[in-house]
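The next block holds one structure in the form of structure tokens; read it before the comments.
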Amino acid sequence: MKFTDKQIQSLKPKDKRYILTETTSGYGEGRLQVRVQTTGAKSWRVQYHFDDKRKTISIGTYPNVDLKSARAKHAKITELLLDGIDPQADKVKKQKIKEAIEAERTFLQMLDDFDDFIAQNWAESTIRRTRLLIARNITPFIPEELAPHQFTIDDAREIIYRVYNRGAKEQAHLTRATLMSLLKFAIDFDNSPEQYKKPDIYKIKINFIRDINFETPKNVGERWLNEQEIYKIWHAEDLPRNTHLYLKLAIALAGQRVFEVYHSIEPEYDFDEMIFTIPVNRVKVRSRGEHLVPIEPLTESILKELLLQRGKHKQLFPHRDHEDEFAHISTLRMAILRWCDRHKVPRFTPRDIRRTCKTLMGKAGIKPDHKDYLQQHHKSDVSSTHYDRYNYMNEKRRAMKKWHRFLAKTIGVK
């Protein structure tokens with residue numbers, strides 16, 4: 001039987017599905033078949049023998065695939081059979097190749113995927129810094145069509161050393177660290193359980209960034225302010241208002257991280273419970289959850305002065321020209337450096353307040369573990385990180401009261 005268009009079109013459904021076979025093919029070429037469902041739906045397939053087994057392969061539905069197209073597909077299958085290739089296996093192989101091609105990402109797309117990853121897993125301050133670094137030092141130098149696995153150690157060196165050779169050695173170190181994290185993300189993703197038996201989308205096999213090494217200045221902070229310097233800053237009359245209030249607040253809060261305080265908003269301060277809640281998205285280690293900091297009366301007075309000028313979105317430190325944004329931390333840093341130079345005080349940065357408080361809290365007689373609770377320097381062992389959910393609020397309150405008694409004596413207030 002040789003199929004005709006009229007015959008295929010006129011096929012009617014029966015109580016059971018049935019199959020008609022075209023018998024014009026030669027030996028070993030496979031036979032074109034049409035299968036009619038009880039609903040009347042018709043589909044094409046080719047029946048063939050391979051390795052002494054009878055097999056079938058679907059080639060489309062009618063009328064989407066008409067008789068002429070079905071014969072063309074049958075002819076291609078015949079070619080494979082005559083070449084000793086199993087059409088079914090060939091179809092699976094081509095599908096896998098197609099999926100692999102569709103799944104493959106460019107290096108720039110990998111950067112976008114990495115951005116999604118850090119947005120969910122890193123602290124907000126680190127995310128902002130990393131995004132700025134990538135936008136300046138990495139993205140502009142990546143060709144649009146470059147695949148991740150085509151990125152070589154020489155490409156990485158060129159990116160890193162470009163930064164290094166403009167004199168930004170610390171930036172070069174951070175660029176290297178970012179590339180290291182990027183490649184680790186790609187390798188971990190391709191080897192994740194979710195990708196098991198799926199094609200790799202990045203195809204990076206080793207993290208060669210670890211082989212790029214160079215000397216960088218050790219930026220280990222040592223500066224801390226003594227009691228006389230704390231007194232001088234607290235009573236300074238020529239510091240910009242916001243800078244002065246920030247320094248007072250940071251000291252009164254026992255040296256919480258700069259970003260945690262400078263980007264705080266009014267609802268995070270509960271004056272009924274006298275607690276400052278630093279949300280998870282702003283703490284350094286998210287696995288520890290939100291960080292609760294006790295508020296003392298001196299802290300409350302500073303906060304209420306700041307709230308008189310809060311921004312559009314209730315920021316304590318709004319941008320001077322854009323009330324819906326936060327003020328830039330660089331503005332704070334530069335104001336402090338200018339004040340130091342003017343008064344011949346050894347330079348310090350906002351980050352040094354944290355070290356200052358940690359050091360002076362020891363002098364105030366606060367236990368080391370209580371200092372750690374106040375500054376969220378909890379132990380990093382498995383038990384503390386994953387199982388200890390106690391917030392140590394009683395210990396924090398006792399430590400904060402002791403700190404404020406010491407601070408009151410230092411700055412000369414009752």
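The values are calculated or read from the model by the stated rules, or taken from the named source; none is laboratory data. All values reported here derive from a predicted model rather than from experimental measurement. Positions of Cβ are generated from backbone atoms using ideal geometry, with glycine treated the same way; all protein chains shown enter the neighbour counts.
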Hits in region 259-285 - residues which are of a type in the set (A, V, I, L, M, F, W, C) and within 20 Å of Q375 (Cβ to Cβ):
F259, V261, M274, I275, F276, I278, V280, V283, V285
Run D155 past the list (1) assigned to a helix (DSSP H, G or I); (2) more than 16 Å from the chain's Cα centre (by Cα); (3) buried (at least 17 other Cβ atoms within 10 Å of the Cβ) and report the number of the one that doesn't hold.
(3)
Is there a residue being of a type outside the set (G, A, S), surrounded by fewer than 17 Cβ atoms within 10 Å (Cβ to Cβ) and assigned to a loop (DSSP other than H, G, I, E, B) anywhere in region 187-196?
yes
Among (1) part of a helix (DSSP H, G or I); (2) buried (at least 18 other Cβ atoms within 10 Å of the Cβ), which single condition is A177 missing?
(2)
S125 vs (1) surrounded by fewer than 18 Cβ atoms within 10 Å (Cβ to Cβ); (2) touching a residue at least 24 places away in the same chain (Cβ under 8 Å); (3) of a type in the set (S, T, N, Q): all pass except (1)
Filter result for the condition that a residue is among the hydrophobic types (A, V, I, L, M, F, W, C), in contact with a strand residue (DSSP E or B) (Cβ under 6 Å, 6 or more places away or on another chain) and at pLDDT 90 or above, over I278, I336, I302
I278
Out of the residues in region 336-363 that are crowded, with 18+ Cβ neighbours inside 10 Å and aliphatic (A, V, I, L, M), state the one that is nearest to the chain's Cα centre (by Cα).
I353
Failed condition for D113, given (1) part of a helix (DSSP H, G or I); (2) over 30 Å from I278 (Cα atoms):
(2)
Kindly list, by first and then second residue, each pair from a residue in region 57-73 that is among the aromatic types (F, W, Y) to a residue that is assigned to a strand (DSSP E or B), limited to pairs with Cβ atoms under 9 Å and residues at least 6 apart or on different chains.
Y62/V34; Y62/K42; Y62/S43; Y62/W44
Out of (1) of a type in the set (F, W, Y); (2) buried (at least 17 other Cβ atoms within 10 Å of the Cβ); (3) closer than 30 Å to L249 by Cβ, the one Y231 does not meet is (2)
By my count, helices (runs of 4 or more DSSP H) wholly in region 310-380 with at least 1 residues that are touching a Ser or Thr at 6+ places or on another chain (Cβ under 9 Å) are 329-342, 352-363
Within region 1-58, count every residue that is in a helix (DSSP H, G or I) and loosely packed, with under 14 Cβ neighbours inside 10 Å.
5
